[in-house]
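Heads up, the thing below is written out as structure tokens.
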Amino acid sequence: MSSIDPEKVKELKRIANDIRVWSIKMIYRAQSGHPGGALSAADILAVLYFHEMRVDPKNPEWPDRDRFVLSKGHASAAYYAALAMRGFFPEEDLLTFRDVNSYLQGHPSLMVPGVDMCTGSLGQGLSAGIGMALAGKMDKKDYRVYVLLGDGEIEEGNVWEAAMTAATRKLDNLVAIVDRNKIQLDDFTDRMVELDPLEEKWRGFGWRVISINGHDVTQIIRALDEARKTKGRPTVIIAHTVKGKGVSYMENTAKYHGKPPQNEEEYERALKELEEERRKI
Amino acid sequence: MNWEYESPRKAYGETLIELGKEREDIVVMDADLSTSTKTAMFGKEFPDRFFNVGLQEQNMMGIAAGLARSGKIVFASSFAVFATGRAYDQVRQSIAYPKLNVKIVATHGGVTVGEDGASHQMIEDLGLMSGLPNMRVIAPLDSNEVRRVIRFVAKEDGPFYVRLTRTALPNLTSGEDEFEFGKGRVMRDGSDATIIALGIEVSYSLLAAEILKKEGYDIRVINMSTIKPIDKDIIVKAAKDTGAIMTVEDHNIYNGLGSRVAEVLVENYPIRMHRHGMKDRFGRSGKWNVLLEHYGMDDKGIAKEMLGFLKEVKK
């Protein structure tokens, strides 16, 4: 296994921390949004946009770019933060999130520079990713397609239609990442629908399966490297994560799936905890 | 009448092949109905640009969106009931909202599907698709028009819904005619009342007008292939000229042609009108032509409905 520059790892951790801080600020200012799933996905987004993906913020529609679909569209705050930090649009615009005059729609929309697919109604992003991956193969382009799914989201039947088809079509340019934070809007996923054995399900559908700690940037990098080396089938990375990661009172609870910090005190505490986390990096 | 009948589905398949030869970026999708929708004709000619995804209408629409987002012109086909009903949310979220270049061409619209019965007879699709922002909706009246419409939607950017019927249709227009998007067309002039029809019901309405002529009524018949955007001018003119309008459609009288025409009349030139078609009930099994007779949607049925309406408005 090739070694990963420790400075790079630190940088990605700081970026993930920034994504979390932005997410909290955006959602608190808007008094609306989904912090739980934004915080759980921050490390994955940091690695994708600041290490893995070939993109050009000055030319967001560059035909050879790697594609990303945030199928769990409610994590839009974290996604927009990553895009802005990567240079697709000004960071100050992040504080217009969900406003009537803003292009930063509640869920990802094609109005936003860098967004490859609009999402929000769960279960559809993997299908769009298949379309992009098929087009890449048809056009003999070497771009790759990444789709980030929520674990609650994969209760949707459309996901498994797509899972079957992606394997049938041998789409090795397609990577699905499941943000396995084990909590959905109403409750813990296993109290709603039993998703386990999740790895076996995907394997049974014909996918290469890699399970990782979704908050360990080194593991995320290595899993994406493995996916690139995998030929003849798509890869799914089951990223085991913590809902609300980084803000203690949001961790492991469904309460903050779709709710902002409830008052100024909660807000300040979230920022303080994230600041402390940053100092440890 | 001495009409030449032709399958609109076959016309669709043939036009896809022509387009496939002309343009590299056209891709076609189906969900295990390609021998019925005739997209299989394209698939045989261009296997690398044909994606039959199996029984996955929802996934098909999502993949169509991804292909379109990557620069392809996508034709996605299934029966009307599955393309618009089963996959409605995918069409809404992944195609209409981002305004992607996907042409949903559905066959088997209406009760004229026949023996398969209500489960397969889609009578709500025009309403479902017309209600979507960014979606344009066309129901060609014959196979010559199918060819023109398919060519038109291929060159126009953005989403379309095109509704075809299962049965062969008489060619009422010639191969040389132009398709005018968003324009209705007077198929037969008249001054006592107007029938506005679409699809298979246009030919029956023309026959009904002949029956009504014997009853002493001079009926205008308008073909309204484009449901959305609808041709306001031709509707208002018909209202002014003839004073009474009846719509006829192989679709529920709610949310289809009748509703669209009613909206135009109420907002612009309120006169009495009457909606004929499937009157808010599901169909049943039977031969397609027997079903049209059963529901009063054949020539005799339409004439009878119009006579009843005229007695009311002209008394």
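Only a single item in (1) within 22 Å of the chain's Cα centre (by Cα); (2) buried (at least 24 other Cβ atoms within 10 Å of the Cβ) is not met by B:Val27, and it is number (1).
Listed conditions (1) at negative phi; (2) open to solvent by 40 Å² or more (accessible area, probe 1.4 Å); (3) not hydroxyl-bearing (Ser, Thr, Tyr) are all met by A:Asn252, apart from (1). Selection within region A:250-281: residues that are farther than 23 Å from A:Arg180 by Cβ and assigned to a loop (DSSP other than H, G, I, E, B). The member of this set that is modelled with the lowest pLDDT is A:Ile281.
Do the conditions hold for A:Asp142, that is, is it closer than 21 Å to A:Leu224 by Cβ, more than 7 Å from every other protein chain (Cβ to nearest Cβ), open to solvent by 10 Å² or more (accessible area, probe 1.4 Å) and at pLDDT 95 or above? Against the criterion (closer than 21 Å to A:Leu224 by Cβ, more than 7 Å from every other protein chain (Cβ to nearest Cβ), open to solvent by 10 Å² or more (accessible area, probe 1.4 Å) and at pLDDT 95 or above), A:Asp142 qualifies. Filtered by the rule that a residue be surrounded by 15 or more Cβ atoms within 10 Å (Cβ to Cβ) and either in contact with a strand residue (DSSP E or B) (Cβ under 6 Å, 6 or more places away or on another chain) or assigned to a loop (DSSP other than H, G, I, E, B) (or both), region B:286-309 gives B:Gly286, B:Tyr295, B:Gly296, B:Met297, B:Asp298, B:Ile302, B:Glu305, B:Met306, B:Phe309. If you go through region A:1-58 and keep only what is more than 24 Å from A:Phe188 (Cβ to Cβ) and of a type in the set (Val, Ile, Thr), you end up with A:Ile4, A:Val9, A:Ile15, A:Ile19, A:Val21, A:Val47, A:Val55.
Residue-wise test of (1) among the polar types (S, T, N, Q); (2) on the phi < 0 side of the Ramachandran plot; (3) in contact (Cβ under 8 Å) with a residue 40 or more places away in the chain.
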residue: B:Gln90; (1), (2), (3): yes, yes, no
residue: B:Ser94; (1), (2), (3): yes, yes, no
residue: B:Pro98; (1), (2), (3): no, yes, no
residue: B:Val102; (1), (2), (3): no, yes, yes
residue: B:Glu115; (1), (2), (3): no, yes, yes
residue: B:Gln121; (1), (2), (3): yes, yes, yes
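Scanning region A:183-204 for residues that are surrounded by fewer than 19 Cβ atoms within 10 Å (Cβ to Cβ) and more than 16 Å from A:Gly123 (Cβ to Cβ) gives A:Asp186, A:Asp187, A:Phe188, A:Asp190, A:Arg191, A:Glu194, A:Asp196, A:Pro197, A:Glu199, A:Glu200, A:Arg203, A:Gly204. Listed conditions (1) open to solvent by less than 20 Å² (accessible area, probe 1.4 Å); (2) without any contact (Cβ under 8 Å) to a residue 24 or more places away in the chain are all met by A:Leu39, apart from (2). Tell me which residues, restricted to region B:44-98, are over 30 Å from A:Asp64 (Cβ atoms), open to solvent by less than 30 Å² (accessible area, probe 1.4 Å) and facing chain A (nearest Cβ under 10 Å). Matches in region B:44-98: B:Gly54, B:Glu57, B:Ala87. Taking first residues from region A:154-170 that are at the interface with chain B (Cβ under 8 Å from one of its Cβ atoms) and partners that are open to solvent by 50 Å² or more (accessible area, probe 1.4 Å) and in a helix (DSSP H, G or I), no Cβ contact under 7 Å between residues at least 6 apart in sequence or on separate chains turns up. For residues in region A:119-135 being in a helix (DSSP H, G or I) and more than 7 Å from chain B (Cβ to nearest Cβ), which is surrounded by the fewest Cβ atoms within 10 Å (Cβ to Cβ)? Step by step, filter region A:119-135, then rank; the result is A:Ala133.
Here are some residues: B:Ile211, B:Ile222, B:Ile235, B:Ile227. Which one is assigned to a helix (DSSP H, G or I), at pLDDT 95 or above and buried (at least 22 other Cβ atoms within 10 Å of the Cβ)? Unique residue meeting the criteria: B:Ile235.
Being surrounded by fewer than 22 Cβ atoms within 10 Å (Cβ to Cβ) and under 23 Å from B:Tyr217 (Cα atoms) is the filter here, so list the residues in region B:246-272 that pass it. Scanning region B:246-272 gives B:Ala262, B:Leu265, B:Tyr269, B:Pro270, B:Ile271, B:Arg272. Summed over region A:174-201, residues that are assigned to a loop (DSSP other than H, G, I, E, B) and in contact (Cβ under 8 Å) with a residue 12 or more places away in the chain total 8. For region A:177-216, filtered to residues that are of a type in the set (Val, Ile, Thr) and touching a strand residue (DSSP E or B) at 6+ places or on another chain (Cβ under 7 Å), the residue that is farthest from A:Ile44 (Cα to Cα) is A:Thr189. A:Leu171 passes every criterion in (1) outside any helix (DSSP H, G or I); (2) closer than 13 Å to A:Ser71 by Cα apart from (2).
Restricted to region A:86-112, and to residues there that are of a type in the set (A, V, I, L, M, F, W, C) and over 14 Å from A:Met26 (Cα atoms), the residue that is most open to solvent (accessible area, probe 1.4 Å) is A:Val100. For region A:16-27, enumerate the residues that are surrounded by 23 or more Cβ atoms within 10 Å (Cβ to Cβ) and either aromatic (Phe, Trp, Tyr) or out of contact with any Pro (no Cβ under 8 Å at 6 or more places or on another chain) (or both). Across region A:16-27, the qualifying residues are A:Ala16, A:Ile19, A:Arg20, A:Trp22, A:Met26.
The values are calculated or read from the model by the stated rules, or taken from the named source; none is laboratory data. All values reported here derive from a predicted model rather than from experimental measurement. In this analysis, Cβ positions are derived from the backbone assuming ideal geometry, glycine residues included, and neighbour counts consider all displayed protein chains. Please note that ligands, DNA and RNA were not included when accessible areas were found on the heavy atoms of the full protein model with its side chains. Shrake-Rupley method; radii C 1.70, N 1.55, O 1.52, S 1.80 Å.
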